[in-house]
Amino acid sequence: QVQLVESGGGLVQAGGSLRLSCAASARTRSTYAMGWFRQAQGKEREFVAAISWGGASTNYADSVKGRVLISRDNAKNTLYLQMNSLKPEDTAVYYCAVAATRPAVVAGTIDSWGQGTQVTVSS
């Protein structure tokens, strides 16, 4: 099972930017999709973004569309999430995820989860 370790979270003012990273320890299969989810305090975990193995196909939640960009570097086994124009409602623990396909990520059918990284946006 692949191990995922997120980094890059922190405290930022509204309107600011953060770049999250997720390092994967090893591949579980020859190709896999990846994604980001988040969970705010007292709320359920929700989908944020997904990306296919080659990076050509992506999905975004409506709440973040136009403000975040998901990307990956397969040579480094690393996933990224560039977040701009951050809002207080973006405050949450952000989780990295691996699944067999991009649609599986979007559906929440996840093979592995990271431990999460806290993002706090102050107003």
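Could you pull the accessible area for Thr120 with a 1.4 Å probe, rounded to 10 Å²?
The accessible area of Thr120 comes to roughly 50 Å².
What do you get for chymotrypsin sites (Phe, Trp or Tyr not before Pro) in region 1-87 restricted to DSSP loop and a cutoff of at most 11 other Cβ within 10 Å of the site's Cβ?
Answer by residue number: there is no such site.
If you take every residue apart from Val106 with its C-beta less than 15 Å away from the C-beta of Val106, what net charge results, scoring Lys and Arg +1 and Asp and Glu -1?
Overall, the nearby charge balance is +1.
Counting Lys and Arg as +1 and Asp and Glu as -1, each charge on the Cβ, what is the dipole of the chain about the Cα centre in debye, to the nearest 20?
220
Lys/Arg Cβ at +1, Asp/Glu Cβ at -1, dipole of the chain taken about the Cα centre: which of Met83, Gly54, Val93 is farthest positive-ward?
Gly54
Within 15 Å, Cβ to Cβ, of Pro88, how many net charges do the neighbouring residues add up to if Lys/Arg are +1 and Asp/Glu are -1?
The answer is +2.
If you plug each phi of region 12-22 into the Karplus form 6.51 cos²θ - 1.76 cosθ + 1.60 with θ = phi - 60°, what whole-Hz ³J(HN,Hα) values come out, in order, with x for Gly and Pro?
So the Karplus estimates, Gly and Pro as x, are 9, 7, 3, x, x, 10, 9, 10, 8, 10, 9 Hz.
For region 1-51, what is the accessible area per residue in Å², given a 1.4 Å probe and the full set of protein chains?
Roughly 54 Å² per residue, with all protein chains present.
Calculate for the chain the 222 nm mean residue ellipticity that helices alone would give, adding -39,500 (n - 2.57) per DSSP H run of length 4 or more and normalising by residue count, nearest 500 deg cm²/dmol.
Taken over the chain, the calculation gives -1000 deg cm²/dmol.
Could you please report the charge total around Val12, scoring K, R as +1 and D, E as -1 over all other residues with beta-carbon less than 15 angstrom from its beta-carbon?
Result for the neighbourhood of Val12: +2.
With just the Cα atoms defining each centre, how far is region 55-115 from region 1-20? Give it in Å.
11
Quick query: amide H of Ser112 versus all other amide H atoms, modeled in the peptide plane; which residues come in under 5 Å with a sequence gap of 5 or more or a different chain?
Val98
Quick one: divide the alpha-carbon radius of gyration of the chain by 2.2 N^0.38 Å and tell me what you get.
In units of the globular-protein estimate, the chain measures up at 0.97.
Pairs of alpha-carbon atoms within less than 8 angstrom and 6+ residues apart define the contacts here; what relative contact order does region 1-65 have, in percent?
Reported as a whole number, the value is 22 percent.
From the phi angles alone, apply the Karplus equation (6.51, -1.76, 1.60; θ = phi - 60°) to region 108-122 and give each ³J(HN,Hα) in whole Hz, x where the residue is Gly or Pro.
Along region 108-122, the couplings run x, 8, 9, 7, 9, 10, x, 8, x, 9, 7, 10, 10, 10, 8 Hz.
What is the percent carbon and sulfur in the accessible area of the chain, measuring with a 1.4 Å probe over the protein chains and ignoring ligands?
Using a 1.4 Å probe with all protein chains present, the chain comes out at 46 percent carbon and sulfur.
The values are calculated or read from the model by the stated rules, or taken from the named source; none is laboratory data. As the structure is a computational prediction, the values presented were derived from the model and not from experiment. Quick reminder, even Gly has a Cβ in these numbers, built from the backbone with ideal geometry, and neighbours come from all protein chains shown. Heavy atoms of the whole protein, side chains included, go into the accessibility calculation; ligands, DNA and RNA do not. Shrake-Rupley method; radii C 1.70, N 1.55, O 1.52, S 1.80 Å.
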